[in-house]
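Asks: Quick one: the structure is below, questions incoming.
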Amino acid sequence: MQWETVIGLEIHAQLATRSKIFSGASTAFGAEPNTQACNVDLGLPGVLPVLNREAVRMAVRFGVAIEAELGRRSVFARKNYFYPDLPKGYQISQFELPVVGRGQVEILQDDGTAKTIGVTRAHLEEDAGKSLHEDFHGLTGIDLNRAGTPLLEIVSEPDMRSAREAVAYARKIHQVVRYLGICDGNMQEGSFRMDANVSVRPYGDELGTRAELKNLNSFRFLEKAINFEVERQIDRLESGAEVVQETRLYDADKDETRSMRSKEEANDYRYFPDPDLLPVELDDSFIASAVKDMPELPDAKRQRFGQEYGLTAYDAQLLTGSEALADYFESAAREAGDPKLAANWTNGAVSAALNKGGLDITSSPVTASMLGVMLKRIVDGTISGKIAKQVFEGMWSGDGTADEVIEAKGLKQITDGGAIEKIVADVIAANPRQVENYLAAEAAKQQKMLGFFVGQVMKQSRGKANPRQVNELLTKKLRG
Amino acid sequence: MSLDRLEVEKIAHLARMQVSGAELDAVAEDLSDILDLVAQMDAVDTAGVAPMAHPLHMAQRLREDKVTETDQRDHFQAIAPATENGLYLVPKVIG
């Protein structure tokens, strides 16, 4: 039987506000436990939530970015369940009337074609606290600093058909929220969390029973967990068993998913409108002010890079991965006057060096303008592309600008015909047997044998001779 | 609509309330009466009436995104049954 995978994602993006969604406590990460949990966050009796304008503004920006219908009137609801890191016994969320309605994003598939993924909705809600299950004399420790941090829960349609598509969609949402500046996207700190609803069905059939995968805190784990889960479900169905609707936890160490709780005993959340909060009404002026400084979004930037700079779709995709990287490329390209060269170096040497050093583009020791100047030296013939690698390494390890490194290490390309001619003459004089062989060989073979002499000349000039000139001179001298 | 004892037990579990076996029938009857009242309201034709989210016909006022709270952990934890290293301690949730 041919099975088809069906995946929908729920993504929780922590909004980058200074204060919490319903209180004036700080949202800064990493504070001492419970020092940023005020009486509203603790759910003490008599307190009332007051909605943070910035959280609403950020949700609106997201809605506009994914071309969604905005909920002109949205309502907060209580989602009831019991867990010690949720002191009120309910989470304030949105249910029937979310702030962001139906929208969509486009992903690039492996074959380079685009696919549209529907976003069902995005709603505002408060985050819960953290439970620490290490042993406190048989008790559990609770830190409520995170309680009340604003979240935007982004729910997709079940439009993805493979783990790779799910990853492409998740990356796209990650990219959009970061471009918009509404979420820092830090997955280690839990600012961007993903749950996947996964089911399989015979091709074209009705939807199968789904399992919900939790605890996917990297794109790699998202892909691995889905692949494991698809295999598990197919194995069950093919052996005549059923798939149970349940929540499963991904264990990265064992690379497997395991059952957390089945839906039969799961909570009935008993949603109802929160009487402590009035409906939120978005008027035209609020929306206009929320979107007045919208940045150029990833898709538009990618297309512009293709048209304006003649880059391949692949290069443009990589360079628009983050706004900082795109800006880096553009300013290096402007300085160098050669966008394709700048694209190759940004995606090549710069990315490799950043990866190796575990650095972000914003902390690159070689700034965009430093790279641009170095590329200009390739364009104007001061150095060859090969020598540029040494110059780049020099700049990376703090030896100064391109011009300083070229000067200090004497890397300027030798274009002086007389100087090259002298080296060529020396090489010919020092290798009489090779010259003899060369002259005796057929024309077709000579071209190949020339490589030996070019190599010697480059070695003598320590790579600085202009290769084109070396070739010309050698051919002339050997034959003459 | 009438609830049976089993349903009342499930509702009690969701609400984390202990209802003794002796109380079950009486609670079932009370809850069923409430549901009957809801059923009466449910019978009213509400086509074209928007669900009410709040009895006040007003919109939510928004707060400026500013940190206004200071650390009052010691004050709050003075009434907590158990704390350690700044954490609130509660009975173990995961065994």
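The values are calculated or read from the model by the stated rules, or taken from the named source; none is laboratory data. As the structure is a computational prediction, the values presented were derived from the model and not from experiment. For neighbour counting, all protein chains shown are included, and Cβ atoms are generated from backbone atoms with ideal geometry for every residue, glycine included. What goes into the accessible areas is simple: the full protein's heavy atoms, side chains included, and nothing from ligands, DNA or RNA. Shrake-Rupley method; radii C 1.70, N 1.55, O 1.52, S 1.80 Å.
Asks: Which condition number does A:S259 fail, the rest of (1) in contact with a His (Cβ under 6 Å, 6 or more places away or on another chain); (2) assigned to a strand (DSSP E or B) being met?
Replies: The one condition A:S259 does not meet is (1).
Asks: Would you mind finding the one in A:R232, A:R248 that is in contact (Cβ under 8 Å) with a residue 12 or more places away in the chain, touching a strand residue (DSSP E or B) at 6+ places or on another chain (Cβ under 6 Å) and outside any loop (DSSP other than H, G, I, E, B)?
Replies: Just one listed residue meets the conditions, A:R248.
Asks: A further question follows. With the structure loaded, tell me whether A:D416 is modelled with pLDDT of 80 or more and open to solvent by 30 Å² or more (accessible area, probe 1.4 Å) or whether it fails that test.
Replies: No; evaluated as a whole, the condition is false for this residue.
Asks: Also, I was wondering about something else. Give me the pairs, please: first residue somewhere in segment A:80-97 and over 15 Å from A:L44 (Cβ atoms) and at pLDDT below 95, second residue anywhere and crowded, with 19+ Cβ neighbours inside 10 Å and of a type in the set (F, W, Y), beta-carbon distance under 7 Å, and either six or more positions apart or on two chains.
Replies: A:N80/A:Y90
Asks: Residues that are open to solvent by less than 100 Å² (accessible area, probe 1.4 Å) and touching a residue at least 12 places away in the same chain (Cβ under 8 Å): which helices (runs of 4 or more DSSP H) entirely in chain B hold 2 or more of them?
Replies: Here the list reads B:5-14, B:21-42.
Asks: Is it true that some residue in segment B:54-61 is modelled with pLDDT of 90 or more, within 21 Å of the chain's Cα centre (by Cα) and over 30 Å from A:L132 (Cα atoms)?
Replies: No, segment B:54-61 contains no residue that is modelled with pLDDT of 90 or more, within 21 Å of the chain's Cα centre (by Cα) and over 30 Å from A:L132 (Cα atoms).
Asks: Select the helices (runs of 4 or more DSSP H) contained entirely in segment A:275-374, then report the ones holding at least 3 residues which are open to solvent by less than 40 Å² (accessible area, probe 1.4 Å), within 14 Å of chain B (Cβ to nearest Cβ) and closer than 29 Å to A:I66 by Cβ.
Replies: Answer list for segment A:275-374: A:284-291.
Asks: Name the single residue, out of those in segment A:9-21 being more than 7 Å from chain B (Cβ to nearest Cβ) and open to solvent by 10 Å² or more (accessible area, probe 1.4 Å), that is farthest from B:N85 (Cα to Cα).
Replies: Out of the qualifying residues, it is A:E10.
Asks: Can I ask one more? Report the residue count in segment A:219-243 for those that are surrounded by 14 or more Cβ atoms within 10 Å (Cβ to Cβ) and out of contact with any Leu (no Cβ under 8 Å at 6 or more places or on another chain).
Replies: Result for segment A:219-243: 12.
Asks: Among the residues of segment A:122-136, write down those that are within 10 Å of chain B (Cβ to nearest Cβ) and either touching a Leu at 6+ places or on another chain (Cβ under 8 Å) or modelled with pLDDT of 90 or more (or both).
Replies: Answer for segment A:122-136, where residues must be within 10 Å of chain B (Cβ to nearest Cβ) and either touching a Leu at 6+ places or on another chain (Cβ under 8 Å) or modelled with pLDDT of 90 or more (or both): A:G129, A:K130, A:S131, A:L132, A:F136.
Asks: Follow-up question, since we're still on this one. Among the residues of segment A:138-146, are any away from chain B (no Cβ under 14 Å) and surrounded by fewer than 21 Cβ atoms within 10 Å (Cβ to Cβ)?
Replies: no
Asks: While we're on this one: Among the basic types (K, R), within 30 Å of A:A326 (Cα to Cα), touching a Leu at 6+ places or on another chain (Cβ under 8 Å) and open to solvent by 20 Å² or more (accessible area, probe 1.4 Å): does that describe A:R201?
Replies: When the stated conditions are applied, A:R201 does not pass them.
Asks: I'd like to verify a number: residues in segment A:72-99 that are over 25 Å from A:I142 (Cβ atoms) and away from chain B (no Cβ under 12 Å), how many?
Replies: Number of matching residues: 1.
Asks: Can I ask one more? Filter segment A:44-69 down to residues that are more than 11 Å from chain B (Cβ to nearest Cβ) and in contact with a Lys or Arg (Cβ under 9 Å, 6 or more places away or on another chain) and give me whichever is most open to solvent (accessible area, probe 1.4 Å).
Replies: The extreme case among them is A:E69.
Asks: Answer yes or no: is there a residue in segment B:18-26 that is more than 30 Å from A:G71 (Cβ to Cβ), at the interface with chain A (Cβ under 8 Å from one of its Cβ atoms) and of a type outside the set (G, A, S).
Replies: No - not one qualifying residue is present in segment B:18-26.
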